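Worksheet: the structure to be examined is printed underneath.
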Amino acid sequence: MKMKHRKRTVLLLLTAAITGLLVSGFQSKRGSIQPLEPVSQHYKTLSTWSLKPDNRRAWMDTVKFPWSEYGKGAQGNMLWRTVYLSPEDEARLPELIRVPANSSDQTRAELDYMLQVQQNRTPKEIERARYIANIGSWPNILNPEDPDYYENRQQLFYIATAIGEWYNDKNFPATTALLLKCIQDIRVTEFRLKWYFKRPRPYHLEPALKPLAKINSPSFASGHSLWAFAEAFIFAEIIPEKRAEFLKKAEEVRWSRELMGIHYPSDNEASRIISWHLLQAWYQNPTFVADLEKAQREWRDRKLSY
């Protein structure tokens with residue numbers, strides 16, 4: 001028992017050290033950016049398990065994301081260019097996160113957790129998760145005659161719904177312009193990371209999982225969690241006093257991906273970390289800083305009008 005306790009303690013210390021390394025990847029030119037919140041909830045517990053391959057489950061390491069399921073659109077999205085994110089900073093992103101091996105103790109623990117979530121999920125939770133699954137903006141919907149154009153712009157403000165319906169794309173055009181540029185960087189990052197890691201979905205490794213949807217791109221990292229947390233951090237730069245509410249909304253988004261059976265918890269935690277690093281990297285770009293300042297002024301000037 002003492003040996004097990006000692007191993008567990010060492011793993012916890014390693015997790016803390018790794019977290020410290022991850023959140024120090026970029027040095028922002030702006031020193032007042034709030035540090036990334038510590039890992040919490042089940043993500044903290046699951047992260048204490050080993051990420052290394054385990055020979056007892058070696059067959060799992062032979063499983064790859066099936067090419068037959070890889071959508072052409074998902075591959076094509078990698079070809080977009082970033083706006084604020086420099087090629088140098090983008091190249092560093094894969095170094096900041098670690099993918100657990102398919103056969104690792106952590107992956108097994110995550111799959112067991114997801115099976116438990118599947119067993120306990122309620123019809124109301126399923127309905128909510130499916131609703132969230134349809135949320136998310138895209139940078140290539142630019143034509144006002146496109147039937148998705150207005151909804152695409154409105155959904156940029158989903159994470160900030162706690163502010164009120166008046167906080168939207170029509171009333172805050174400078175904020176909308178900022179978010180549209182950021183979402184392009186977010187989507188490029190999402191699909192290039194998926195291509196880089198090509199992690200199979202949880203249901204590829206665990207036949208007992210019954211996902212609420214099948215996704216045509218690899219699992220790591222979660223696109224929904226990436227945009228949710230990135231937007232939460234952006235809105236927190238505009239309205240700092242509402243940071244907790246923005247992050248709560250982002251937490252619901254990442255929870256929904258696990259409840260649907262389509263993302264490992266480590267996919268979602270990686271997206272939270274990467275999104276924070278995106279903000280750090282964006283601050284290296286004077287154009288982003290100028291656009292953010294416009295959005296901040298817009299908020300100060302217009303908030304009292306609603």
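General observations
- Any hit, region 163-182, residues being touching a Ser or Thr at 6+ places or on another chain (Cβ under 8 Å), in a helix (DSSP H, G or I) and surrounded by 19 or more Cβ atoms within 10 Å (Cβ to Cβ): yes
- Selection within region 131-152 - without any contact (Cβ under 8 Å) to a residue 24 or more places away in the chain, in a helix (DSSP H, G or I) and either surrounded by 19 or more Cβ atoms within 10 Å (Cβ to Cβ) or of a type in the set (S, T, N, Q) (or both): Asn152
- In the set Ala232, Ala244, only one residue is among the aliphatic types (A, V, I, L, M), modelled with pLDDT of 95 or more, surrounded by fewer than 24 Cβ atoms within 10 Å (Cβ to Cβ) and under 16 Å from Gly164 (Cα atoms); that residue is Ala244.
Residue-wise test of (1) of a type in the set (S, T, N, Q); (2) farther than 23 Å from Trp80 by Cα.
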| position | (1), (2) |
| --- | --- |
| Glu125 | no, yes |
| Ile141 | no, no |
| Asp148 | no, no |
| Phe157 | no, no |
| Ala160 | no, yes |
| Glu165 | no, yes |
| Thr176 | yes, no |
| Leu179 | no, no |
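- Condition broken by Arg201, with the remaining ones in (1) out of contact with any helix residue (DSSP H, G or I) (no Cβ under 7 Å at 6 or more places or on another chain); (2) surrounded by fewer than 22 Cβ atoms within 10 Å (Cβ to Cβ) satisfied: (2)
- Filtered residue count, region 183-215, keeping only those that are outside any helix (DSSP H, G or I), more than 19 Å from Pro100 (Cα to Cα) and of a type in the set (Lys, Arg): 2
- For region 114-129, a residue qualifies if it is in contact with a Ser or Thr (Cβ under 9 Å, 6 or more places away or on another chain) and either buried (at least 18 other Cβ atoms within 10 Å of the Cβ) or closer than 20 Å to Lys181 by Cβ (or both), and exactly one does: Ala129.
- Close pairs from region 189-212: first polar (S, T, N, Q), partner assigned to a helix (DSSP H, G or I) and crowded, with 16+ Cβ neighbours inside 10 Å, Cβ under 9 Å, at least 6 apart: Thr189/Glu90; Thr189/Leu93; Thr189/Leu226; Thr189/Ala230; Thr189/Ile274; Thr189/Ser275; Thr189/Leu278
- All positions within region 46-68 that are within 27 Å of the chain's Cα centre (by Cα), assigned to a helix (DSSP H, G or I) and under 17 Å from Pro202 (Cβ atoms): Leu46, Met60, Asp61, Thr62
- Some residue of region 200-223 being at pLDDT 95 or above, hydroxyl-bearing (Ser, Thr, Tyr) and out of contact with any Lys or Arg (no Cβ under 6 Å at 6 or more places or on another chain): yes
- Ala133 vs. criteria farther than 30 Å from Phe288 by Cα, modelled with pLDDT of 95 or more, in contact with a Leu (Cβ under 9 Å, 6 or more places away or on another chain) and not acidic (Asp, Glu): no
- Filter pass, Glu231 being under 16 Å from the mean Cα position of the chain (by Cα), within 19 Å of Ser47 (Cα to Cα) and charged (D, E, K, R): no
The values are calculated or read from the model by the stated rules, or taken from the named source; none is laboratory data. Because the structure is a prediction, the values reported are computed rather than measured. We place every Cβ from the backbone using ideal geometry, glycine too, and count neighbours over all the protein chains shown.
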